[in-house]
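Visitor: Pasting in a structure now, in structure tokens, and then I'll have a few things to ask.
The values are calculated or read from the model by the stated rules, or taken from the named source; none is laboratory data. As the structure is a prediction and not an experimental result, all values here were calculated from the model. All Cβ positions, even for glycine, are placed from backbone atoms using ideal geometry, and neighbour counts span all protein chains on display. Ligands, DNA and RNA are stripped out before the accessible areas are found, and what is left, the full protein with its side chains, is counted by its heavy atoms. Shrake-Rupley method; radii C 1.70, N 1.55, O 1.52, S 1.80 Å.
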Amino acid sequence: MPTPTYDLLASTVLGSNTATVNFTNLGTVAAGYRDLVLVCMARSSGTSSGNEALLLDFNSTGAFDATSSAWDTSSTSSQTSSGSSKIENYIRTSQSSNTTPSFLIFHIFDFAQTNKHKTVLRRYDSSTYSWWGVFRWNQTSAITSINLDVEGTSTDIVAGSTFYLYGIVS
Amino acid sequence: MSFILLGILNSQVTAAAGGPAYDLIETTTATSGGSITFSNVNNLTDYKHLQIRYVARGTEANTGGTIGIRLNGVTASDYSSHSIIGSPSTSGSADFTTYFFANDTIPLGSSTTSAFGVGIIEFTDFLSTSKHKVIRAWLGNQALGGTRNFYLTGMLTNTTAAISSINLFIVGTSGNYATGTRFSLYGIKG
């Protein structure tokens, strides 16, 4: 019997500039689901040129290994990282009153399975670039929280940014 | 021409009367063999498109494995695909004219313990008999101890036959899918 799925589990729409966005208690919130999909539209309050890192981690622990490729108007590039405590995802800043957000999507597979590390397909796009890639969280623990914060200590995620968490059964 | 418009619920807006459009059809957890097949998908007439989400690893004593996709049991050169490939050191591209395959997108037995490759594969207008089929795939492997790749692929079948079966296999291996591997099939209404 087919099972309707791809359900909205939680959402955050920022009413004011905020330092961090957290999805917690996923063992309860996402009970019965197999994959999670996090969809974000975000911008930082920083005024530096270009982009700023929106950092993501699971359970505030563990290490990540990542491979990504980027395309902009003139070139492509590849990037890899290993052993990072957080994953960097670049979002547009508020330089020169820029109001254009960045789009980010994370497909988190088997988030609660304890017999494997967690592998994630991610993509983030803005008006000037597109990044695609894959990363792995090197823990077999179930993911119980997803945490996002902007790298700069004096910058926030701006009001109006949105974060939607979906669950998919298997 | 078909476009998939998947309305995803917005918590600020009352759900529209369209109803559920994305259904889990079945999940296969591979317990033996290096090949799985979703059969008789041509009977899924309530759906316009299909999607497979998978988490996979192989058992062969090697590092990077290659996922192959074969439709309706066809092994001839009835396919063409183009891929953008990302790896730690470079971005590249590739073309294939036989069944689609994506190199080093699943880890095998000698790669990082507990690491699995993942993928999302979409089959648009899979029942149509008036057009060639377009398959889109986003696959990735981030296990260490070998090449780690992600693929963005578009594949075209050189036949207008409806898709009746989908076979996903580890190319050129004598090993099996490892415990913890699963392939889930979803139907999308349209």
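Visitor: Quick check on the stretch A:1-28: of everything there that is of a type outside the set (S, T, N, Q) and either without any contact (Cβ under 8 Å) to a residue 60 or more places away in the chain or more than 14 Å from every other protein chain (Cβ to nearest Cβ) (or both), which residue is surrounded by the fewest Cβ atoms within 10 Å (Cβ to Cβ)?
Guide: Across the stretch A:1-28, the extreme among qualifying residues is A:1.
Visitor: Could you identify the single residue in A:44, A:69, A:82 that is facing another protein chain (nearest Cβ under 8 Å) and more than 24 Å from residue B:137 (Cα to Cα)?
Guide: Going through A:44, A:69, A:82 in turn, the sole match is A:82.
Visitor: Mind checking whether some residue in the stretch A:76-93 is in contact with a Cys (Cβ under 9 Å, 6 or more places away or on another chain) and not hydrophobic (A, V, I, L, M, F, W, C)?
Guide: Yes, some residue in the stretch A:76-93 is in contact with a Cys (Cβ under 9 Å, 6 or more places away or on another chain) and not hydrophobic (A, V, I, L, M, F, W, C).
Visitor: While we're looking at this one, here's another question. Which of the residues spanning the stretch A:97-128 are polar (S, T, N, Q) and open to solvent by less than 20 Å² (accessible area, probe 1.4 Å)?
Guide: Within the stretch A:97-128, A:102, A:119 meet the criteria.
Visitor: Quickly run through the stretch A:29-39 and pick out the residues that are more than 14 Å from the chain's Cα centre (by Cα), under 17 Å from residue A:164 (Cβ atoms) and surrounded by fewer than 19 Cβ atoms within 10 Å (Cβ to Cβ).
Guide: Scanning the stretch A:29-39 gives a single hit, A:29.
Visitor: Something else: So, of the residues in the stretch A:129-138 that are touching a His at 6+ places or on another chain (Cβ under 8 Å) and at the interface with another protein chain (Cβ under 9 Å from one of its Cβ atoms), which turns out to be least open to solvent (accessible area, probe 1.4 Å)?
Guide: A:136
Visitor: What is the residue count in the stretch A:40-96 for residues that are open to solvent by less than 40 Å² (accessible area, probe 1.4 Å), of a type in the set (Val, Ile, Thr) and either over 30 Å from residue B:114 (Cα atoms) or free of Cβ contacts under 8 Å to residues at least 12 places away in the same chain (or both)?
Guide: The number of residues fulfilling the criteria is 2.
Visitor: Do we have residue A:41 as among the hydrophobic types (A, V, I, L, M, F, W, C) and closer than 30 Å to residue B:45 by Cβ here?
Guide: no
Visitor: So which strands (runs of 3 or more DSSP E) are wholly in the stretch B:114-190 and hold at least 3 residues that are under 22 Å from residue B:43 (Cβ atoms)?
Guide: The qualifying strands (runs of 3 or more DSSP E) are B:117-124, B:166-170, B:182-188.
Visitor: When residues of the stretch B:155-190 are filtered for being open to solvent by 20 Å² or more (accessible area, probe 1.4 Å) and within 14 Å of chain A (Cβ to nearest Cβ), how many remain?
Guide: The qualifying residues number 2.
Visitor: Something else about it: Pull up the stretch B:128-161, narrow it to residues that are over 17 Å from the mean Cα position of the chain (by Cα) and among the hydrophobic types (A, V, I, L, M, F, W, C), then point me to the one that is nearest to residue A:141 (Cα to Cα).
Guide: Filtering first and then ranking leaves B:143.
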